[in-house]
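The values are calculated or read from the model by the stated rules, or taken from the named source; none is laboratory data. Predicted, not measured: the structure shown is a model, and the values here were computed from it. No Cβ is skipped: glycine too gets one built from the backbone with ideal geometry, and neighbour counts run over all protein chains shown. For accessibility, only protein heavy atoms count, side chains too; no ligands or nucleic acids. Shrake-Rupley method; radii C 1.70, N 1.55, O 1.52, S 1.80 Å.
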Amino acid sequence: FGFPLTVAMDVDDRWHLGSNTKAMTAVLIGTYVDRGKLRWTDTLGELLKGQQIDPSYSSVTLDQLIRHEGGAPGQPRSP
């Protein structure tokens with residue numbers, strides 16, 4: 001851990017497991033890429049064709065999306 005643990009842990013201790021869906025989503029996308037159903041270079045515009053999305057997101061790739069480099073603002077605009 002990089003620091004000494006001063007409190008013993010117990011099997012009844014509660015732990016916050018946050019942000020798990022990001023990792024699960026990345027695994028699912030990677031699985032579909034491995035199977036040839038998706039490509040890392042697929043864009044949201046291609047994948048969501050016919051759906052109403054913010055035009056500034058249409059060129060964001062799956063690779064950018066799972067690396068959190070798709071340019072999404074901290075506070076997205078309301079629809």
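List of remarks:
- Relative contact order (%) - the chain, alpha-carbon pairs under 8 angstrom, separation at least six: 21
- Here the chain exposes an accessible surface that is 56 percent carbon and sulfur, computed with a 1.4 Å probe and the other protein chains kept in place.
- Degrees, to the nearest 10: 20-34 long Cα axis against longest axis of the chain: 50
- Label positions at Asp12 and Ile53, each projected 7 Å from the Cα along the C-beta direction, are separated by 4.8 nm.
- Per residue, the accessible area of the chain comes to 90 Å² when a 1.4 Å probe rolls over the protein heavy atoms.
- When the surface is traced with a 1.4 Å probe over the full set of protein chains, Leu48 keeps roughly 70 Å² accessible.
- Matching label, percent of Cα pairs over 20 Å apart computed from the structure shown, candidates (i) 37; (ii) 52; (iii) 32: (ii)
- Solvent exposure ordering (accessible area, 1.4 Å, most first) of Leu62, Leu44, Leu17, Leu28: Leu17, Leu28, Leu44, Leu62
- Candidate residues Tyr32, Tyr57: accessible-area rank, largest first, probe 1.4 Å: Tyr32, Tyr57
- Charge dipole (debye, nearest 20) of segment 1-72; +1 at Cβ of Lys and Arg, -1 at Cβ of Asp and Glu: 280
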